Amino acid sequence: MNIMPTIEGNGDKRKRTVSFKAKEMEVDVTAYKDLGLAEATAVQNRLREKLDLSPLQRPVRVIAGADISLDLYSEVVYAGIVLLNYNDLQPFAYSLVKGRTSFPYVPGFLAFREIPAILEAFHQLPVKPDLIMFDGNGILHARRMGIASHFGVLTQTVTMGCAKKKLAGKFAEPGANKGDYSPVIDKNETIGYALRSKNNVKPIFISPGNAMSLTDSLAITMRCLGKYRLPEPTRQAHEFVNRFRTGALSEGYHEMVQMRLF
DNA sequence: GCGACAG
DNA sequence: ATCTTGTCGC
């Protein structure tokens, strides 16, 4: 039985509700703020049954980066998804949404804090990306349900995670050069990779979220590396939501004018 | 009990 | 996550 996403509009997009039903399961992101950790864990365990880690089925033409920005001690969240051409990694559109979160930051439960707002930004996109890279983990998680996997299963989309710090598992320090990597292992299972994204910098942690494999996540990330430690999708997303929070950008969906020097 | 602990 | 300048090292 497949998860059927149900989108209930109300004329007011800020009240839009998204719920998922699979077997006897139903998950409503608008209720995340009221969940306790035991309930949240139960949600993760049930979503995990729907995880798809098979190889990518479609070529990636449009890749996206998703992230949120916050003021310290504030419950206001500035969420955003940036769309980039996979070919040249240039951003060409972005969706920004200002929301609120009451779910606290608890390692292992980041999804319950950030997904509601990111989902709004996702709904605001007129055209969906082929893959979304999150600032966080995919299956590199104690219960294999990091924010990227959580969002992927919920929306039935292709997602992956790219974190700046290790959340779970063990790994041997990868080589010191860009491109060097080593597997992150937990309970005798490879759940991601520690990747040296740039010479002499701390490694970043890569893992598939949903609808793609461990190998895919590594290849995609390598292809997105530039002159910075973070891959372009995530780096750009962080830049956009930060400019949004500081007032340089406005809420909504925006397309960027592409000026080319042929 | 102790250490680890995405953003 | 966010607050911040200079500074050390590849």
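The values are calculated or read from the model by the stated rules, or taken from the named source; none is laboratory data. Note that the coordinates shown come from a computational prediction; the quantities given were computed from them, not determined experimentally. Here the Cβ is made from the backbone with ideal geometry for all residues, glycine too, and neighbour counts use every protein chain on show. Accessible surface areas use protein heavy atoms only, side chains included; no ligands, DNA or RNA. Shrake-Rupley method; radii C 1.70, N 1.55, O 1.52, S 1.80 Å.
Per-structure values
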| read-out | value |
| --- | --- |
| Total charge dipole magnitude, region A:160-262, about the Cα centre, Cβ charges on Lys, Arg, Asp, Glu only, Debye to nearest 20 | 420 debye |
| Probe 1.4 Å - accessible area at A:Met256, Å² to nearest ten | 70 Å² |
| Heavy-atom surface of region A:155-262, accessible at 1.4 Å and reported per residue (Å²) | 53 Å² |
| Per-residue HN-Hα couplings for region A:179-192 [Karplus 6.51, -1.76, 1.60; θ = phi - 60°; Hz; x = Gly/Pro] | x, 6, 8, 8, x, 9, 10, 9, 6, 6, 9, 7, 10, x |
| Mean ellipticity per residue at 222 nm, deg cm²/dmol - from DSSP H runs of n ≥ 4 across chain A, formula -39500 (n - 2.57) | -7000 deg cm²/dmol |
| Separation of alpha-carbon centers, region A:121-173 and region A:89-110, rounded to whole Å | 12 Å |
| Over chain A - Rg/Rh using Cα atoms and the Kirkwood inverse-distance radius | 0.95 |
| Around A:Leu214: net Lys/Arg minus Asp/Glu count, Cβ-Cβ under 12 Å | -1 |
| Rounded to 5, percent antiparallel among DSSP beta bridges of chain A | 85 percent |
| Of the DSSP H helices in chain A, those whose Cα atoms cover at least 18 Å axially and whose Kyte score averages 0.0 or more | A:110-123 |
| Accessible surface of region A:123-163 [probe 1.4 Å, protein heavy atoms]: carbon and sulfur percent | 54 percent |
| Potential lengthening between A:Ala219 and A:Ile185 on full extension [0.36 nm per residue; Cα-Cα distance subtracted] | 10.4 nm |
| Per DSSP, loop chymotrypsin sites (Phe, Trp or Tyr not before Pro) in region A:36-121 with at most 15 further Cβ within 10 Å | A:Tyr73, A:Tyr105 |
| When the convex hull of its Cα atoms is projected in every direction, mean area for region A:110-262 (nm²) | 10.4 nm² |
| At most 14 other Cβ within 10 Å, DSSP loop - chymotrypsin sites (Phe, Trp or Tyr not before Pro), region A:193-232 | A:Tyr228 |
| Of A:Lys164/A:Lys187; A:Lys164/A:Lys198; A:Lys164/A:Lys202; A:Lys33/A:Lys165; A:Lys178/A:Lys202; A:Lys50/A:Lys98, pairs whose Cα-Cα distance is over 19 Å | A:Lys164/A:Lys187; A:Lys33/A:Lys165; A:Lys50/A:Lys98 |
